[in-house]
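Q: The following block contains the structure, expressed as structure tokens.
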Amino acid sequence: MLTISSLLFMFEAFQFEITDYFACMVELVFPEPDFKIRDYNGRPELFDVIRSKWVALGPEEWVRQNFIQWMVKTNKIPLSAIAVEKQLKLGQESRRFDVLVYDAKVQPWMMVECKSMEVKLDEAVLMQLLSYHVAIPVDYLVITNGITCHVAEKKNGTAEWVPFFPKYIHS
């Protein structure tokens, strides 16, 4: 069972310095969006090409979709390597990660936690992502609110904030 103490242990084990991530920010310049957007019963919806369905277009979804386009168009990550809002189990609880990127061998490689632009990226956001990481270990952990983006690279059981977005290796 996932407890606060196990999360704190994990947080310490990864040797994250929460204040250090501000020094390691990845620049985000989103490409011009080419979303399909519609009005459905007075609410905006966006067609998510990965999930192949219309989804409510809220502030967090706007960040998620722009970040995905940025990964695909700017960083050349294939759409087929990206999963969006899939369920995972944390002990007895079911949760949903925002974005999971698989490597060329179809192994989990990077997990992204998206927040709306108004949400400060803080320890609570990091802890949320780390709790998902317990269920699905990855090499890269990313938190973004569409304004700022922070990437942690995991190596040899520890993780460090890095000032770059990882390059996707296609083969």
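Q: List every residue pair whose Cβ atoms sit under 7 Å apart, with the two residues 6 or more apart in sequence or on different chains, where the first one lies in the stretch 62-78 and is on the phi > 0 side of the Ramachandran plot and in contact (Cβ under 8 Å) with a residue 12 or more places away in the chain and the second, anywhere, is hydroxyl-bearing (Ser, Thr, Tyr) and surrounded by 13 or more Cβ atoms within 10 Å (Cβ to Cβ).
A: Listed by first residue and then by second, the contacts come to Lys76/Tyr168.
Q: In the stretch 107-122, which residues are within 8 Å of the chain's Cα centre (by Cα) and of a type in the set (A, V, I, L, M, F, W, C)?
A: Met110, Met111, Val112, Cys114
Q: To continue, here is another question. Here's a check for you: in the stretch 151-165, which residue that is buried (at least 19 other Cβ atoms within 10 Å of the Cβ) and within 17 Å of Trp109 (Cβ to Cβ) is farthest from the chain's Cα centre (by Cα)?
A: Filtering first and then ranking leaves Ala159.
Q: Out of the residues in the stretch 110-134 that are free of Cβ contacts under 8 Å to residues at least 40 places away in the same chain and in a strand (DSSP E or B), which is farthest from Lys154 (Cα to Cα)?
A: Glu113
Q: May I ask you to list the residues in the stretch 37-71 that are surrounded by 18 or more Cβ atoms within 10 Å (Cβ to Cβ), of a type in the set (A, V, I, L, M, F, W, C) and under 16 Å from the mean Cα position of the chain (by Cα)?
A: The answer is Trp62, Val63, Phe67, Ile68, Trp70, Met71.
Q: Taking the condition of being at pLDDT below 90 and touching a strand residue (DSSP E or B) at 6+ places or on another chain (Cβ under 9 Å), how many residues in the stretch 136-162 meet it?
A: Number of matching residues: 4.
Q: Which residue is modelled with the highest pLDDT, if the candidates are limited to the stretch 11-55 and must be charged (D, E, K, R) and under 15 Å from Glu123 (Cα atoms)?
A: Out of the qualifying residues, it is Asp20.
Q: Still on this structure: Would you check if there is a residue in the stretch 91-98 being touching a residue at least 12 places away in the same chain (Cβ under 8 Å) and under 22 Å from Cys24 (Cα atoms)?
A: Looking for residues that are touching a residue at least 12 places away in the same chain (Cβ under 8 Å) and under 22 Å from Cys24 (Cα atoms), one finds at least one in the stretch 91-98, hence yes.
Q: Could you please let me know if Ala83 is in contact with a His (Cβ under 7 Å, 6 or more places away or on another chain) and surrounded by fewer than 19 Cβ atoms within 10 Å (Cβ to Cβ)?
A: Against the criterion (in contact with a His (Cβ under 7 Å, 6 or more places away or on another chain) and surrounded by fewer than 19 Cβ atoms within 10 Å (Cβ to Cβ)), Ala83 does not qualify.
Q: Need at least 1 residues that are within 13 Å of Asn145 (Cα to Cα) and touching a strand residue (DSSP E or B) at 6+ places or on another chain (Cβ under 8 Å) per element, so show me which strands (runs of 3 or more DSSP E) inside the stretch 30-76 make the cut, counting only ones lying wholly within it.
A: Output list is empty.
The values are calculated or read from the model by the stated rules, or taken from the named source; none is laboratory data. No experiment lies behind these values; they were computed from the predicted model shown. Heads up, the Cβs are rebuilt from the backbone with ideal geometry, glycines too, and the neighbour counts pull from every protein chain shown.
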